[in-house]
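Here the structure comes first, spelled out in structure tokens, and everything after it is commentary.
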Amino acid sequence: MGIDPTLMHDFERDLGQAENTLGRNEPQIRRMLQNLDLDTSRLNAMRELGNWIGAKRPELRRRNETIQAVTTEWGTDATGGLRPFDEALYSGASGDPDVYAAALKLREVDRNGKVDEKTIANLEKRSGDEGFATSLMYALGPERFRHLMAALVYQKDAGKKRLQAALGKALGAASSRLNASWQKEMLSNLRVPVDQHGLSALLPHGTFERDFLVAIAKTLDGLDRKSWNDAASASIPQDPMVGVMEALAKHPKAAQDFFSGDPSIMKRYVTERPMYDGGNAFGKALEAATMTYRDRDGTAQKPSPGFISAKIASDFIRWEAQRVLTGTEGPSFATTGSTARILAAYINDVNRVAKGTSDDDSAVFEVERTHMPQEDRVWGAQFQKEDLRLVMRDAFKHDPKALAAVAAAQTAWGKKLLDHGAARTAETGDPRHLLINATEAGAGFGLITEASGLAKIKQGQELDAAQERNMKVFMAVVNTGLGIPQAAAAAITAATLGSWTSMIEDAAKTNKNTEKAKYDANVAENKAQFLLDQIAADAMLRHGLFGKSDPPDKTHPWASLPGREKGENPRDSRFNFLKDDGNSLMTRKEMAPHDGNSHPRLQAYETWLEDALAGKRWEKIDEALTSGYNKGHSRHN
């Protein structure tokens, strides 16, 4: 069956005139016959004919619009004449001209032919419309859809790549409306590798309904387990699981379902199955699953997204440590960047574990710790200290940016922790608030310093390339530490880490003191403890734990500035190491801005802390910091 658009237009127009004629004349004829007292029953047929014409004209017009959509809007065809018309497809498209035209044009797509630019442009324009996309999927049907996505995979043609992207967006838009039957039929008959790769290539372009995306991910994972590394798949430069991970990265709850639903999945992708993109997509999916939701809702029996986040983070570090232990070559399969960002996001748990000696092998830390800032009383990841040490050591060895990210997070969290402890001590008069937090912050710094590979190098030992890079980063962290704002661990994101890491990298480029061919013994240890002391002293100053600044109390820094005359403004002293407010420290870079032999501000600061001028309260905090730092070291455990 076919339709000639011109003839159909004329036919519909003539029917319209007939409808008007019938509608106009039938009442007049009826009145005339009634006036003559004649039978009018036969006129009912004329009225019914008019009604029939009125009902059929929109259908005819709709079909004509559908053919015109095929020839002029979704394609370029000026030949005219009779055009094929598929009634079954028209019914499947619910009579929508654009859906019919799109489905018809997409059914014509094959691997070798060209695709009309109008088809591509119109699908791009309409692919995000849920109603249109759903009707299109039903009009195509699962089998035709599989053939279409297979025709678009492995293509270099720019037009077909655009069409593939639009089709992926359309599948995502329709995903919440597609019934279980359509989904099951589509996923049950995927051919390996062409359909497997074809579906994977669509996923990054759409935003999918949670359950459908998880079903796709599990299906493709199942196929990948059977086909990965076989001869046919190995010869194709495309990794089907990369597309899966890219889609999961955009849907954190679906990512959580995928990684937590089957214990073998985390083990496989962390320890056995590297990806063609170097792990970028896998890392982003892990970040979505572990860093998006941080809460204290629900229970272990009815876990919230925050509980699941902590569990996945714990599982990841456990399996990553196993990968390192087995001697697997190269960096993390999830990239060192993602590994570092996850460690940074759980830096409060890293500190807790660094301080302790527990061998608890559970995945989630469930006890609410009341000495923590309120915003950090969330479900915690239960790590093993040795696992953390192994994972950090491996990440820092392969990528100095990983050290920069974790050290920045440790600095931000240490400032938050110590500030909270100092505030509570100032408020209540109970020193335990600050002592507990000082021990914990110290342990985190100790663990990270040791993992950097800089803590055990002997006097005069040559630095290898990784150690030299890490030394520059470490020194930059010390120089910029007070410039990093305090932050709750649960609030640390990839964006904030990026800004802090950039600050540290810029400082590392200009730090001439780290351009040494040999290593001075204990310098990393000393610098880490310098920063730790500086953060703690700064928090105590801010909350008045060294007394007033004007006039300065006995333990306040301005009370013991060398050479200060009575009445002299301490801010003008060459030995002053406080900012103008009198309640915050200068950074190390501000204390010693230039290389050379004269650093009076730095020397005055160190004298204040080390010569008992800061008072007994500081001595107790310093002991807690040192004790915690030592607990973070393997040599003390």
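Rounded, prolate or oblate: which fits the range 293-536 when a ≥ b ≥ c are the square roots of the eigenvalues of the alpha-carbon gyration tensor, with rounded for a/c under 1.5 and prolate only if a/b beats b/c? It comes out oblate by the Cα gyration axes. For His251, His197, His594, the ranking by accessible surface with the largest value first comes to His594, His251, His197, using a 1.4 Å probe. Residues Arg31, Arg146, Arg601, sorted by accessible area with the largest first, give Arg31, Arg601, Arg146 [1.4 Å probe; ligands and nucleic acids excluded].
Counted residue by residue at 0.36 nm each, then reduced by the alpha carbon distance between them, the extension gain from Ser227 to Glu117 reaches 36.0 nm.
Between the alpha-carbon centres of the range 564-609 and the range 171-204 there is a gap of 66 Å. Solvent exposure of the range 293-536, expressed per residue, is 37 Å² of accessible area, with all protein chains present and a 1.4 angstrom probe. The alpha-carbon of Lys616 sits under 20 angstrom from the alpha-carbons of these lysines, leaving out residues fewer than 8 places away in its chain: Lys548, Lys554. Structure note, pairs Lys284/Lys385; Lys125/Lys253; Lys105/Lys125; Lys156/Lys184: Cα-Cα distances above 23 angstrom occur for Lys284/Lys385; Lys125/Lys253; Lys156/Lys184. Seen from Pro331, the other residues with C-beta closer than 13 Å to its C-beta sum to a net charge of 0, counting Lys and Arg as +1 and Asp and Glu as -1. For the range 221-227, 3J(HN,Hα) computed residue by residue from phi via the Karplus equation (6.51, -1.76, 1.60; θ = phi - 60°) reads 5, x, 5, 5, 4, 7, 10 Hz, glycine and proline entered as x. The ratio of the alpha-carbon radius of gyration of the range 318-452 to the globular-protein estimate 2.2 N^0.38 Å is 1.08.
Solvent-accessible area assigned to carbon and sulfur over the range 293-536 amounts to 52 percent, based on a 1.4 Å probe. Computed over neighbours whose Cβ is under 9 Å from that of Ala487, the net charge equals +2, Lys and Arg +1, Asp and Glu -1. Remark on Gly380: its backbone amide H falls under 5 Å from those of Phe365, a criterion applied only to residues 5 or more positions apart or on other chains, H modelled at 1.01 Å from N. The figure for Glu590 is an accessible area of roughly 80 square angstrom, using a 1.4 Å probe on the protein chains alone.
Heavy atoms of the protein chains alone define the surface here; on that basis the range 156-286 has 39 Å² accessible area per residue at 1.4 Å probe size.
Once you've got the Cα coordinates, tell me which of Lys161/Lys250; Lys218/Lys401; Lys355/Lys416 are over 24 Å apart. Listed pairs above 24 Å: Lys218/Lys401. Ordered by solvent-accessible area of protein heavy atoms (1.4 Å probe), largest first, the residues Trp319, Trp182 come out as Trp319, Trp182.
Quarter the surface of the alpha carbon convex hull of the range 597-637 and you get the mean projected area, 4.1 square nanometres.
In the context of the full protein assembly, Arg574 retains an accessible surface of approximately 140 Å², using a probe radius of 1.4 Å and ignoring ligands and nucleic acids.
The values are calculated or read from the model by the stated rules, or taken from the named source; none is laboratory data. Model, not experiment: these values are computed from the prediction. Counting neighbours? That spans all protein chains shown, and the Cβs are built from the backbone with ideal geometry, glycine included. Accessible surface areas use protein heavy atoms only, side chains included; no ligands, DNA or RNA. Shrake-Rupley method; radii C 1.70, N 1.55, O 1.52, S 1.80 Å.
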